[in-house]
1. Quick check on the range 168-224: of everything there that is basic (Lys, Arg) and assigned to a loop (DSSP other than H, G, I, E, B), which residue is surrounded by the fewest Cβ atoms within 10 Å (Cβ to Cβ)?
2. When the range 1-27 is examined, which residues are found to be closer than 21 Å to residue 230 by Cβ and either in contact with a Leu (Cβ under 7 Å, 6 or more places away or on another chain) or of a type in the set (Gly, Ala, Ser) (or both)?
3. Taking the options 375, 379, name whichever one is closer than 28 Å to residue 150 by Cβ, under 22 Å from the mean Cα position of the chain (by Cα), not in a strand (DSSP E or B) and not hydroxyl-bearing (Ser, Thr, Tyr).
4. Mind checking which residues of the range 375-398 are open to solvent by less than 20 Å² (accessible area, probe 1.4 Å), under 18 Å from residue 267 (Cβ atoms) and of a type in the set (A, V, I, L, M, F, W, C)?
5. Scan 481, 427, 442 and give me the residue that is buried (at least 17 other Cβ atoms within 10 Å of the Cβ), without any contact (Cβ under 8 Å) to a residue 60 or more places away in the chain and either assigned to a loop (DSSP other than H, G, I, E, B) or β-branched (Val, Ile, Thr) (or both).
6. Can you name every residue in the range 105-164 that is of a type in the set (Phe, Trp, Tyr), outside any helix (DSSP H, G or I) and out of contact with any His (no Cβ under 8 Å at 6 or more places or on another chain)?
7. If you go through the range 484-519, how many residues are aliphatic (A, V, I, L, M), surrounded by fewer than 18 Cβ atoms within 10 Å (Cβ to Cβ) and outside any strand (DSSP E or B)?
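The values are calculated or read from the model by the stated rules, or taken from the named source; none is laboratory data. This one's a predicted model, so the numbers in the text were calculated from it and none came from an experiment. Neighbour counts are summed over all protein chains in view; Cβ atoms, including those assigned to glycine, are modelled from backbone coordinates with ideal geometry. Surface areas here come from the heavy atoms of the whole protein model, side chains and all, with no ligands, DNA or RNA. Shrake-Rupley method; radii C 1.70, N 1.55, O 1.52, S 1.80 Å.
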Amino acid sequence: MSLSARLDRVVETLPQIYAGPGGAIAVLKDGKPLIRHAWGFANAERRLPFTPRSLFRICSITKQFTCGLVLDHFPDTTDLDADVKARLPLLGERAPGAIHLCHNQSGLQDYWAVAMLLGGLAETPFGNREAARLIANTRSLHFTPGTRYSYANQNFRILSDILETRTGRGYGELVRQRIFDPAGMETAFIAADTRAMPDGSEGYEGTLAGGFRPAINGMFWPGGDASIGASLDDMIAWEAFIDATREDEGGLYRRISAPVTFSDGNAAPYGFGLARGTLFGRAVTRHGGALRGWRSQRLHMAAERLSVIVLFNHDASPGAAAEDLVAAMLGAEKPTPPAGLPKPDWLGTYLEPETGLSVRLDASGDGVTLRYGTLPDSLALQADGRAAKPDAGAGLTPTPLGLQFDLPDDNQHSLLVPRHGAAARDIAGTFHCADLDADLTIADAGGQFYAACSGLLGDGRMEKLQPIGQDLWVMPCPRGIDHLAPGDWTLDFIRDNAGRVTSLRLGCWLARRFTYQRVA
């Protein structure tokens, strides 16, 4: 099939595969658009068509622009280390440096995940006051800076706040002068108030089967973590600018897409607001954006001079859609994992010892479903008994010492601790976390256990707990303040010598190892 036919087919099928109120896509080759297409409605209730000029929340794609500003104003990021430390006055250990914030290697627990532990609801208002309080109240890290990768949105909020203080200018002014104007992003702006867009564009929750409804958000984010709004045409201008400056050694995108490492010298998968990896055997830099009702993805293959942009005003996966577009451009197909391999004998429930998070492994077709991070992962079984992601991501290897769990993207490798068996049911009570000054209430409601968080942001909703192993439960959190994260929280109950529950350790991938003492 010719390239033109492949592109025509993907343009026709994408709106069906990733169905929702509306969307927009673009593909650029050698800096020139081959596809510039929008469909559906930016606001279904007001019948506003989704066009290439409709304004859109690109959310966390903002982070790469923040890091570009950091390098533009402070090429030596250590100049900002003291500023970072000053914003963490209660931290009882060595503060991360600015470079650790740029690379999501800071060890800070994500503040939007922590907000849920403080009693936040999905629609809880969260603005400058809440952001400042949660950042300043940080007392501990969940790993030594530079050693691991974990996503923390406030890394980039802290950086933009420091930029504003050091330059005496607002974040919007800085990004307009240094990036938007040079790149020709004419309508890009700071979309701080997530409740509405100036042109009426809307984001939606729901499904085609159950119907779509406008998504309600309460975030106010004027800073460098997720604040930018832009149209498809603005994003096309950004990709064209990347291509036009590809040979400039001092070019912004060349600097933020340069290789980065952990403190031990291992290659890191994320740096300066960009994920690094491979796709169909080619090196790629990319990033997504997500807020309830708004999903976006942009990716760039420098060697191929290929860029892809996907914007959905609903919760379908823009990352998968972007990969479909790349596959059409390259004439590539996703690898097919081996079939017919026997089900492994190491499925079940485990505890990852460093993070204290549960690891659930279930058979799924010819593979294994891994539940550990914010969303389930599908691993392909291998002929040698391993299970792994095709992109060299997470992997599981049975060894004589136990089940080896490899997370190269996190720079983390461990032997999992089996926690098979039934969960005891003597867990009801009130538990207090001194680090957060927050409570967790667990209630027995007709033989079923529910839990809710309370703290600085109020009283959270009761969520049904799920027993998964010996003294291990999970508390679901499918709707966070920003989007799907944090996912499931692990509750690991601790007992005294008499077998009584005295405390628990609670965490998710974004915010780990909080200790709660039983107080009632």
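1. 195
2. Across the range 1-27, the qualifying residues are 20, 22, 23, 24, 25, 26, 27.
3. From the options 375, 379, the qualifying one is 375.
4. Within the range 375-398, 388, 394 meet the criteria.
5. Answer to the selection: 442.
6. 126, 143, 151
7. 3
Condition check ((1) modelled with pLDDT of 95 or more; (2) open to solvent by less than 30 Å² (accessible area, probe 1.4 Å)) across all residues:
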site: 1; (1), (2): no, no
site: 6; (1), (2): yes, no
site: 9; (1), (2): yes, no
site: 12; (1), (2): yes, no
site: 24; (1), (2): yes, yes
site: 29; (1), (2): yes, no
site: 33; (1), (2): yes, no
